[in-house]
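Before any comments, here is the structure.
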Amino acid sequence: MSATAYALPSIVVFVTAALLIVVGALGVLAVRNPVHAALSLILTLFGVAVAFIAQSADFLAAVQVIVYAGAIVVLFLFVIMFLGVGRSRHDHVEPLVGQRPLAALGVVVTVGGVIALLASSHWVTGATSVSGSSLVKGTGNVRQLGTAVFTTYLYAFEATAALLVIAVIGAVVLARRERVTEEAE
Amino acid sequence: MIAGADPLFAHGVTGVVILIVLIKVVVGFAAWMGAVTMMIWFERKAISDMQSRIGPQRWGPFGLLQTLADGIKLFFKEDLVPAEADRLVFKLAPYLSLVPALVTFAIVPVGGTLHIAGHAVQLQVANPPMGILVMLAMSGISVYGVMLAGWSSGSKYPLISSVRASAQMISYEAALGITVVTVILVSHSLTTHGIVLAQGQGVWHWNVIRLGVVPFVIFWMAITAELNRPPFDVVEAESELVGGFNTEYSSIRFALFYMAEFMNTITMSAIIVTLFFGGPAGWVPPVPHLRWVFPILWFLVKVGLFAFCYVWFRAALPRLRYDQVMDLGWKRLIPLSLGWMLIVAGFLVAPGWGFVMAAAVLLASVVLAIAFERGASRATGPESVLEPVGRRPLPEERLRALTEREEG
């Protein structure tokens, strides 16, 4: 890492955000009750939002809270409540035999890979450090993001949109089975 | 770096700046809490007038201190936690519905800009660069209060209420977000300060007129549904769900939910005023030294008007049925707000594009109407849907299905 001297406020912000993220993530794993796990997940998401703000990515922080904390975890909770798995009494039954050692192996491989990538170079940009944003003074986050999405990454953006629409239509088709023909006969 | 759009931090964070921020926070909080107690009194008094009752009158002149008396009473009542409750979440939930209401109000500009000790002080608690997105984020978070309260009570009716709440709030958030996007498009700014400044040149520049009324109506409906205020309060429908999500709550925890509702009402009235009615913009008489007071007065008048409208809704409108609420959100408001956003964006590029977009939206709405018509004529009973939850066949639909079978 570069030898920049960090100011005390940014260290405090970083430590707080990191604590939120790590405590929340550990909570998701450790807590038995699915609703409590979802709440821990919200804690993590808020920590990530704080980290985004500290990096001047205000728009990403807001979207993080709106989309993930405001919609996706709500849907998780919705499903949990709907199915009533809140107080499950069948915790000791393991649905997939031998999944735990395999999961441990997977974690070791993934974490090792990530650490190896981080140590050698930044795995998206190829640079060893990502400090110093390209934020030109006077142009906001949103403008830059919008320009990037609708020019450079337009194809990926539209492909994602199409994929989501296909997923939604697929879900509707699977959930709504018509039995009109059987009844009519 | 973190300072963002607020000119207060332009010359570094000194002791004076911190003091100004502290004063803004304390004054804002105190004035707002006062407004909340007044709002509770106002709602009870206005509704009682509309229903030919007297309303609160014992405590203070015109019963003004009734809210205070209620608060003291609730403080001293026994605080019950049901045996089946999830104790931690049960105690957490009231605060989760209180905090978003508080945070949202922080971004509302209540006045112009003051100059104190060489610092430009905007009369709003905070002016973050993501601005109005804070409102959307907090309205997303406010679901949790209701949802978790209902779930953690360990009781059936509150659980139904919380499932309803989550579905309803998620549905209306889309329409809400899209209408906010139209406002951002014409204001060229995300910050509430910028949105208000863009409307500052007079009534014709207010977004309600510039955007052509429709986004305002959509936003108002969607925000009312987000708040679970009547006529969208299926979450606490007494005739179906006892008291809804707060059935099991008593004492001060119940009071917190009660307060959160009124806080949200005021906050969202303020947000409507900010987005569509120019915020503190208005005619300022040429008075020396006191010119800064008039924007605040204008703001208060406008917010009071919308607060009254909410009270009026409660007194005048019957509650919607749950499936009507969902239909309105998904089939009317979301397509309409999307189409209107396209038209607004088109007109911003060039008038020609605006008309092209309007034609396209017209065509799409015809297609959509045909789709709705065909969908409505299909059999939608418990047999054709996997889980018969949220969409029971209505009596008239049953009847129609029966008659069609006899004819066919």
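List the residue pairs whose Cβ atoms are under 8 Å apart, where the first residue sits in region A:85-108 and is at pLDDT below 75, the second is charged (D, E, K, R) and open to solvent by less than 60 Å² (accessible area, probe 1.4 Å), and the two are 6 or more positions apart or on different chains.
Sorted first by the residue in region A:85-108, then by its partner, the pairs are A:Gly86/B:Asp86.
I'd like to know if region B:167-185 contains one or more residues that are open to solvent by 30 Å² or more (accessible area, probe 1.4 Å), in a helix (DSSP H, G or I) and of a type in the set (D, E, K, R).
No - not one qualifying residue is present in region B:167-185.
Quickly run through region A:24-51 and pick out the residues that are more than 10 Å from chain B (Cβ to nearest Cβ) and without any contact (Cβ under 8 Å) to a residue 24 or more places away in the chain.
A:Gly24, A:Ala25, A:Leu26, A:Gly27, A:Val28, A:Leu29, A:Ala30, A:Val31, A:Ala37, A:Ser40, A:Leu43
Among (1) within 14 Å of chain A (Cβ to nearest Cβ); (2) of a type outside the set (Asp, Glu); (3) surrounded by fewer than 13 Cβ atoms within 10 Å (Cβ to Cβ), where does B:Lys73 come up short?
With (1) within 14 Å of chain A (Cβ to nearest Cβ); (2) of a type outside the set (Asp, Glu); (3) surrounded by fewer than 13 Cβ atoms within 10 Å (Cβ to Cβ) applied to B:Lys73, the lone miss is (1).
Among the residues of region B:190-205, is any more than 23 Å from A:Gln64 (Cα to Cα), buried (at least 24 other Cβ atoms within 10 Å of the Cβ) and either within 12 Å of another protein chain (Cβ to nearest Cβ) or among the hydrophobic types (A, V, I, L, M, F, W, C) (or both)?
yes
Taking region B:108-128 as the search range and keeping residues that are over 24 Å from the mean Cα position of the chain (by Cα) and part of a loop (DSSP other than H, G, I, E, B), which one is farthest from B:Val16 (Cα to Cα)?
Only one residue fits best here, namely B:Gly118.
Can you tell me which residue among B:Phe306, B:Phe299 is open to solvent by less than 20 Å² (accessible area, probe 1.4 Å), more than 19 Å from B:Ala222 (Cβ to Cβ) and part of a helix (DSSP H, G or I)?
B:Phe299 is the lone residue from the list that is open to solvent by less than 20 Å² (accessible area, probe 1.4 Å), more than 19 Å from B:Ala222 (Cβ to Cβ) and part of a helix (DSSP H, G or I).
When the residues of region A:66-85 are filtered to those that are closer than 13 Å to B:Ser171 by Cα and small (Gly, Ala, Ser), which remaining residue is farthest from the other protein chains (Cβ to nearest Cβ)?
The residue in question is A:Ala71.
Just one of B:Val121, B:Val99, B:Val110, B:Val125 is farther than 30 Å from A:Val74 by Cβ and open to solvent by 30 Å² or more (accessible area, probe 1.4 Å); which is it? First the steps, then the outcome.
On the way: B:Val121 fails: open to solvent by 30 Å² or more (accessible area, probe 1.4 Å); B:Val99 fails: farther than 30 Å from A:Val74 by Cβ; B:Val125 fails: farther than 30 Å from A:Val74 by Cβ.
From the options B:Val121, B:Val99, B:Val110, B:Val125, the qualifying one is B:Val110.
If you scan region B:133-158, which residues turn out to be part of a loop (DSSP other than H, G, I, E, B) and either surrounded by fewer than 24 Cβ atoms within 10 Å (Cβ to Cβ) or facing chain A (nearest Cβ under 8 Å) (or both)?
Those that are part of a loop (DSSP other than H, G, I, E, B) and either surrounded by fewer than 24 Cβ atoms within 10 Å (Cβ to Cβ) or facing chain A (nearest Cβ under 8 Å) (or both): B:Gly154, B:Ser155.
Given B:Ile72, B:Ile47, B:Ile40, which one is of a type in the set (A, V, I, L, M, F, W, C) and without any contact (Cβ under 8 Å) to a residue 12 or more places away in the chain? Walk me through how you get there before you give the answer.
Numbers: B:Ile47 fails: without any contact (Cβ under 8 Å) to a residue 12 or more places away in the chain; B:Ile40 fails: without any contact (Cβ under 8 Å) to a residue 12 or more places away in the chain.
It is B:Ile72.
Does region A:13-23 contain at least one residue that is open to solvent by 80 Å² or more (accessible area, probe 1.4 Å) and modelled with pLDDT under 85?
No, that holds for no residue.
Within region B:227-257, how many residues turn out to be open to solvent by 20 Å² or more (accessible area, probe 1.4 Å) and under 15 Å from the mean Cα position of the chain (by Cα)?
Number satisfying all stated conditions: 1.
The values are calculated or read from the model by the stated rules, or taken from the named source; none is laboratory data. Bear in mind that the values here come from a model prediction, so they are computed numbers and not experimental data. Heads up, the Cβs are rebuilt from the backbone with ideal geometry, glycines too, and the neighbour counts pull from every protein chain shown. Surface accessibility is based on the protein's heavy atoms, side chains included, excluding ligands, DNA and RNA. Shrake-Rupley method; radii C 1.70, N 1.55, O 1.52, S 1.80 Å.
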